[in-house]
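The values are calculated or read from the model by the stated rules, or taken from the named source; none is laboratory data. All values reported here derive from a predicted model rather than from experimental measurement. Glycine gets a Cβ as well: all are built from the backbone with ideal geometry, and neighbour counts include every protein chain shown. The accessibility values were calculated without ligands, DNA or RNA, using every heavy atom of the protein model including side chains. Shrake-Rupley method; radii C 1.70, N 1.55, O 1.52, S 1.80 Å.
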Amino acid sequence: MSASTVTSHIPGINDEALARAFEPYVLESFDLQDPRWVARVAHVAGKMSRPPKPAHKGLTSDGIRNVETVGDLYRELWSDVNLADQLQSTRSLWFEWCGRGVRARAIGYKRVVHLYLAQAIEWLKPESVIEVGFGWGVNLLTLAVQLPQVRFGGIELTDSGVQTARRLAADGTTPDLLMDFALDGVHDASALNRLDLRQGSADAIPLPDKSVDMVFTVLALEQMDRIRESTLRELARVARRHVVMIEPFREWNADGPRREFIRRYDYWSAAIADLPAFGLVPVAATTALPQKLTFHAGMVIAEVAAGRR
Ligand SMILES: C[S@@+](CC[C@H](N)C(=O)[O-])C[C@H]1O[C@@H](n2cnc3c(N)ncnc32)[C@H](O)[C@@H]1O
């Protein structure tokens, strides 16, 4: 793959594959002029225009999102995760999707993420892959059983996330539960035993230089604006070939209410254009995913610059 142009085309991603991943999770679909959709957009816009409440989880009372506040938020969230409940959950979110408004099961968004990551892996052919900020492990567990030829591992800030992911990897019922959820089914349940799951922070990744072919993040950098530069340096340091990020880059939230919302809630503010300064050369970028109303996220594939490999 040449690094001289940024493509929006990821081989294997097309309308049919995206629909197969996401449509089963869509609960309601609206024309953009539908008064119910217009009312929902107005409701979210109202929320976005107000400052966060002083006790907003994930932020200090001064509105700072730092490693401590983020750790506190997710330590609690990931301490009690039941896989069946997560996969069957009907908790829904509102998305813009293919020129429509939709209310869809939140877990359906992950299926689109897994489609993109699986196709990126097909394309780039890494032998080893880690996720930084893996939460309770939904991405790693699902990709590992589908792509057993790849060595998967991850780094997560919270001890509860690491413990939960390890527990689910060791639980004999996990492959059955993943069977319908994983887009490509379960090819090898024993891959779960080979997951290398560690606690650590993205700004000091406990791995040697160039130790994995691909590093990926999914809505994790969004939490790391206060450690933005050290984190990007670390991703570029441990990756031998590629860094893949599904994150709300600035180009997609450059101005207006989305920019203001990101600023108020202290989310990720780096631009794709910032990546080369960290030795990461963007080769692909796309926003063809369901988009939340608060901010837009897309996938960027960056190649580790030649001099650093
Ligand atoms: C929105 S969740 C996303 C989890 C997972 N990537 C997913 O797609 O389900 C953000 C995750 O990033 C983790 N995180 C935040 N800051 C981190 C840091 N400095 N180092 C490692 N992980 C971090 C949080 O603990 C949380 O698990």
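Projecting the Cα atoms of 219, 141, 109 onto the dipole axis of the chain, where Lys and Arg carry +1 and Asp and Glu carry -1 at the beta carbon, places 219 farthest toward the positive end.
The dipole here belongs to region 48-135: it is taken about the Cα centre, uses +1 on the Cβ of Lys and Arg and -1 on the Cβ of Asp and Glu, and is about 500 debye. Residues considered: 24, 282, 175. Largest GNM mean-square fluctuation over the chain, using C-alpha springs under 10 Å, is found at 24. If R0 is taken as 41 Å, the Cβ-Cβ distance between residue 128 and residue 49 corresponds to a FRET efficiency of 0.40. Using C-alpha pairs under 8 Å with a sequence gap of at least 6, the mean separation divided by the residue count of region 129-250 gives a relative contact order of 30 percent.
Membrane-span-like helices in the chain, defined purely by DSSP H runs whose alpha carbon atoms cover 20 Å or more axially and whose average Kyte-Doolittle hydropathy reaches 0.5, are 106-124. Of the residues 268, 291, 201, the one whose Cα sits farthest towards the positive end of the charge dipole of the chain is 268 (charges of +1 on Lys and Arg Cβ, -1 on Asp and Glu Cβ, taken about the Cα centre). A simple charge model with +1 on the Cβ of Lys and Arg, -1 on the Cβ of Asp and Glu and nothing else charged puts the dipole of region 1-117 at about 240 debye relative to its Cα centre.
Label-to-label distance for residue 274 and residue 103 is 3.6 nm, based on points extended 7 Å past Cα in the beta-carbon direction.
Counting only the Cα atoms, the chain fills a convex hull of 125 Å³ per residue.
The mean sequence separation of alpha-carbon pairs under 8 Å and at least six residues apart, normalised by the residue count of region 72-203, gives a relative contact order of 28 percent. Amide H to amide H distances under 5 Å link residue 28 with 103, where only residues 5 or more positions off or on other chains count and H is placed in the peptide plane.
Charges were assigned to the Cβ only: +1 to each Lys and Arg, -1 to each Asp and Glu. The resulting dipole of region 143-287 about its Cα centre is roughly 360 debye. Calculated mean residue ellipticity, 222 nm, the chain: -10500 deg cm²/dmol, from DSSP H runs (n ≥ 4) at -39500 (n - 2.57) each, averaged per residue and rounded to 500.
For the chain, the share of DSSP beta bridges that are antiparallel, to the nearest 5, is 55%.
Summary value for the chain: 21 percent relative contact order, contacts being C-alpha pairs under 8 angstrom separated by 6+ residues. Leaving ligands, DNA and RNA out of it, report the carbon-plus-sulfur percent of the accessible area of the chain at a 1.4 Å probe. For the chain, the apolar C and S fraction of the accessible surface comes to 50 percent.
With all protein chains kept in place, the per residue accessible area of the chain amounts to 44 square angstrom at a probe of 1.4 angstrom.
Averaged over residues, the count of other Cβ atoms within 10 Å places the peptides 64-72, 113-121 in the sequence 113-121, 64-72, highest first.
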